[in-house]
Each structure stands twice: as C-alpha cells, then as structure tokens.
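Chemist: I'd like to ask some things about the structure below.
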Amino acid sequence: MGYPGFGYQDKEAEIIISDSDINKTIISNQDLNEFYANIPYKFYINDENYELDSDFLNFIYNLILNNDFDSFMNKNFISSTELASILNNLNKRLKNNGKVPILSNNLPIKEVDEDTYTDTDSDSDTDSDVDSDDDSKIIDIQGLIWDNIEQRENLLKIRELKHKSFTNITDSKQDAQKDINTILKNINYGWKFGVYFKIPKPKLSHFQLRNNLICLNSIKEVFYNELSNEKPPNHDYYDLSLPTLHSVIKKINTYTGDIETVLSLDDDPIERISTIECTDNGLLIAGTLTGSYHVKNLKTGDTTKKILTTNSNGIINFAKSVEDSILFSTNDMRLITTDLQNFKVRSMVDFPWAINSVSFNPLDPNIKLIVGDNINSFILDDRVSANKPVNIIKGHKDFSFACDWSHNGTSIATGNQDSTVRVYDIRNLKENQYCMKGEIESSVRNVKFNNNDSMLAFSEGIDYVNLVDLNSIDSGQGSKQVISMFGKIVGLDFSNYDDGTGEMLTVGINDESIGGILQYLLESEETYVDYDWF
C-alpha cells in the first residue's frame, strides 16, 4: 500500500512473537533481485491526486457555497437553484432516520424505466422519505429524492469531474487505456434492486483498503466496520481520558433489519479496523491499522486479540481464511499465516513490497494469487516456494488492491489503480484475456466472480458498481449492468439463496450522510416447485 503519511517503512523492525515453532522465511536482497529486479517498479506521489473525500451532504454544501465553482459545470450540468432543491430534498430524507430499512416493496413508489429510479404514485402507507402525495418527485435506491432523473445524472457527472483517483505511478491511467480490448455496452441483465439499509454506516479507515470491509456469514447476515460512540459497559472512566469514538463490527440481519454490535474495540479507541473476514467455522476476524487482529467466536462469544507486528508501517492490509488457518498480509511487506485453533504463527514470509490482496485457487489451496505495491501480479505455489513466484502476470500499469480467482479455477481477475480490470485464463498467463474499464477513470478496489462464474462485479472509486456478463464477451465486445449510487464502495460479495431460487449481490457504501448496505437480486432462470403446496 504505497501512500505517504501512514507510517514509514522500517525494514529493521522485528515482529515480537514468542512462538518457537514459527517457520520464518527470509530471503536476501540478492535473491529478491533474481526474481524482481527486472520488474518495472517506480514510486510516484502526486499530493493533489486524492480521492473525493467529502460525504454527500458536505459535497452539496460545498457546491452551493463555492462562488468560484466552475462556470462550465454550473452552466451545463446543474444550477445553484437545483443544488438548493437537492439539499432540501436531502434534508427530508435525513429527517426520516428511523430503524426501519428502506425496502423496495414497502415504499410508496414504483420503478420507472429500466433503471433503479422510482416515482411516488403507489398508495402504500409504509413509512417513507417522500410524502405519498408528492407525485412530482422521484426516489432512488438510497432513498434520495430528486426533481427528475436528469438532476441525479447531472450530479453524478459533476462528481466524476471533481473526482481525482489516486495513483502511485505517473500517467498509469493514460497508459492503461491503450490496453483496453473489451468494450462493454450497458444493458439491464435482470439484477433488481432488493433493499437499502440506511442505518449502517460502513467505515473506511484507509482510502486504498476497500475490498474487505464487509463480509457475509450467510445470505441474511452481513458484518461491517463502523465507528461507535456507545459507552462500553463497566467503563465508568471511559469518557474522562479516552476518545469517545471507537471501532466496532456490527451485524445486520437482512431479513429483519435488526442490528447488533458483535465486536467492539473500546479497550483501545485509537485502533481502527482495516479488514474483516468471516470463516466457515463461525469466527469473525478483524485486522487493524496498528498491526493487531481480533478474533470473535460467534458461537461462544469468546474474543481473542493478537499482535502480528509492532512496525510503525504494520497495517494489516488483508486477511483470508483457508482451511484451518488465516493468512494476513501486512504493510511492512510480509505474509503471515496463523493457526485458527490456537492462533500461533505458522509461517512468516518477507517480500520486497507490500501485498494488498490475496486469492486462493479454489481447487488447490497451496496455490494463491497475490497483488500489491507492484505493477505485476504473482502466483505462488507453497510446495515450490513461499515467496518465489511460479508465474509473473504482467499488464497493469499501477498498484493493485483487489483480485479474485473463479470458482471453477480457470480464471483470475485483478483490479488496479490504473482504472482497469483484467481477466486472465490460467492456461495462458502471458497476456490478459480481457482488459476493461468502468464508467469513470477511477481506481478499481473490488473485484468478485459470482457463484457460477458467469459474471464479474467490480467497483470504481466512487459511485459505480459494474456487473459484467462474461458469457457475452465476443470479439472485443460485451455487456454489463451498471449500478449507480453516491458514496465509496467498501466491499461487495455474492451469495446464493438457500433454496437455489436466485443470487444476491451485497455492497457496502461509505458515506457519513447517506451510506449503508445495498443489496441487488437476480432470480434464477430455473423453475422450482413448492412442495409445501401439496
């Protein structure tokens, strides 16, 4: 994770772990040069090239109050009068901040066009952000009220123009555009808006680490990172000397809308969660910006805290469970594997750059794909070497923060700050099979295959999730469905319905004003018989 201001790299710092059975693998600089010296690698920081960092409410206020607001934007996209109307509508939405989530089938609205926009001519009496007699307004998937559809589209365009996607390498986005070989046409593939929970406010602790901040334990349980000012029990002194805000992980039941705190870091309010992971055996794991991780047993309620590194640059970038272990990547350039039973460190491997995301081959957990602060991606086989790649995958022009391996084991996908997504066939890794982009030139920090590998979802830095129909791609042409929203995407994942009747896409949206948990549904094309009817 190459970004200034989050600590420095101290290669001499040691990890304080007393386990005697650690298999600590360290390779010399000479060995590293043998494998990595010829890999193009350069580090560049543009201090002005930061992501759009204000929440939606402040964004609107700033547009209204900024007298120097670009006249071209103001004239061609949206007027100050319209901005005032949007702000007024937003205030209506924010006033209704109860515990009932916004459900598509309970709102006094109906869908219009083939998009997710809605109007207000239903006669339902369910609680809503819009008065049921206000037929002139429309409401979108986040419960935002608009005078017309064009108003929303224009604001999205303004955000695109003001958004500056962070890069580590000069001109990486421009260079990557030359590689695009797959043009995607926007079509509605049948993914339909299911529900938007506006009470959750998923927290983004580091703007580059967004691909693992929500996790699904089942189709009805979503865990997410948040900041809380709740006073923890048995801490009467809490507000005397410690900050009131502390990191928590909450769980929302997407069937009932009930929310509960399952893990609280109130004992150390300085800690901030950087990644979370749910395991198949009921463990919730949270890595932090300070090199520690917390494990909550969801069955017994027991909580364990461990320290992986004391390096000032020891952010836990990523955590992934596989079989009976958990793999951590830390920003001090290490991969650390711990035992899920006793949490002892099994192995610790040094690398010449930080690893930001890992995906295992679903057919062979010895093989994994790693991406990080390098323009190339790498496949490692633990049976060959813990840190010497068996494949070097070229193509990207900047650092990568997301990757995924298809369930059938034949394809891998990588998302990069060069604003492209690349899909590779593992039988031919010399060049990418597809290179594609989203709606705006923005960093891709989430990529995920759906459960039958027919679609690939990827998110952009702000406002857009793309659902690519991989089966539609032919001769450089393909199609996708685009979901637009306002906010930063902090994680996405697919889940199947237990009865096999469809699939769910869950998206975490970070925004202090209007963030939440979004779900889209895709019904199965197969027909099922309800045997309870007989």
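Chemist: Within the range 257-284, find all residues whose amide N lies under 20 Å from a label point positioned 7 Å from the Cα of residue 245 along Cα-to-beta-carbon.
Modeler: Residues passing the 20 Å test: 261-276.
Chemist: Continuing with this model, one more query. How high is the FRET efficiency from residue 88 to residue 58, r the C-beta distance, R0 22 Å, rounded to 0.05? Don't skip to the answer; put the middle values down first.
Modeler: Numbers: r = 16 Å, r/R0 = 0.73.
Efficiency at R0 = 22 Å is approximately 0.85.
Chemist: Shifting gears a bit: May I ask you to sort 198, 178 by Cβ crowding, counting other Cβ atoms within 10 Å and putting the fewest first? Please report the intermediate quantities before stating the final value.
Modeler: Values: 198 24, 178 9.
Listed from fewest to most nearby Cβ atoms, that is 178, 198.
Chemist: Extension gain residue 382-residue 218, at 0.36 nm per residue separation less the Cα-Cα distance, in nm?
Modeler: Stretched fully, the residue 382-residue 218 segment lengthens by 56.0 nm.
Chemist: So for 427, 272, fewest C-beta neighbours within 10 Å to most, what's the order? Show your work: numbers first, answer last.
Modeler: Values: 427 8, 272 20.
Ascending Cβ contact count within 10 Å gives the list 427, 272.
Chemist: Let me ask something additional. How much length, in nm to one decimal, is gained on full extension between residue 281 and residue 297, taken as 0.36 nm per residue of separation minus their Cα-Cα distance?
Modeler: Values: separation 16, 0.36 × 16 = 5.76 nm, distance 0.88 nm.
My answer for the length gained is 4.9 nm.
Chemist: I would also like to ask the following. Within the range 464-478, find all residues whose amide N lies under 20 Å from a label point positioned 7 Å from the Cα of residue 187 along Cα-to-beta-carbon.
Modeler: Within reach of a label on residue 187: 465-478.
Chemist: A follow-up question, please. Relative contact order (percent) for the range 327-475, with alpha-carbon contacts under 8 angstrom and 6 or more residues of separation? Each step should come with its number before you reach the end.
Modeler: Details: 376 pairs, mean separation 20.0, N = 149.
Relative contact order, the range 327-475: 13 percent.
Chemist: Can you check what the net charge comes to around residue 305, using other residues whose Cβ is under 14 Å from the Cβ of residue 305 (Lys, Arg +1; Asp, Glu -1)?
Modeler: Numbers: positive: 296, 306; negative: 266, 267, 268, 271, 302.
With Lys, Arg at +1 and Asp, Glu at -1, the net is -3.
Chemist: Can you figure out the FRET efficiency of residue 323 with residue 428, using R₀ = 30 Å and their beta-carbon distance, to the nearest 0.05?
Modeler: 0.55
Chemist: Give 203/305; 198/320; 178/394; 368/397; 368/480 a once-over and call out the pairs whose C-alpha atoms are over 25 Å from each other.
Modeler: On the way: 203/305 21 Å; 198/320 28 Å; 178/394 15 Å; 368/397 21 Å; 368/480 28 Å.
With Cα atoms farther than 25 Å apart: 198/320; 368/480.
Chemist: What residues from the range 336-364 fall in the zone where the backbone N is under 13 Å from a label point 7 Å along the Cα-to-C-beta line of residue 390?
Modeler: 361-364
Chemist: Within 15 Å, Cβ to Cβ, of residue 221, how many net charges do the neighbouring residues add up to if Lys/Arg are +1 and Asp/Glu are -1? Don't skip to the end; give the middle numbers.
Modeler: Numbers: positive: 220, 250, 251, 296, 299; negative: 258, 260, 277, 280, 493, 498.
It works out to a net charge of -1.
Where a number appears in this text, it was derived from the coordinates with a stated rule and is not lab data. Please read all numbers here as calculations on a predicted model, not as lab measurements. Don't worry about glycine lacking a Cβ; one is built from the backbone with ideal geometry, like all the others, and counts go over all protein chains shown.
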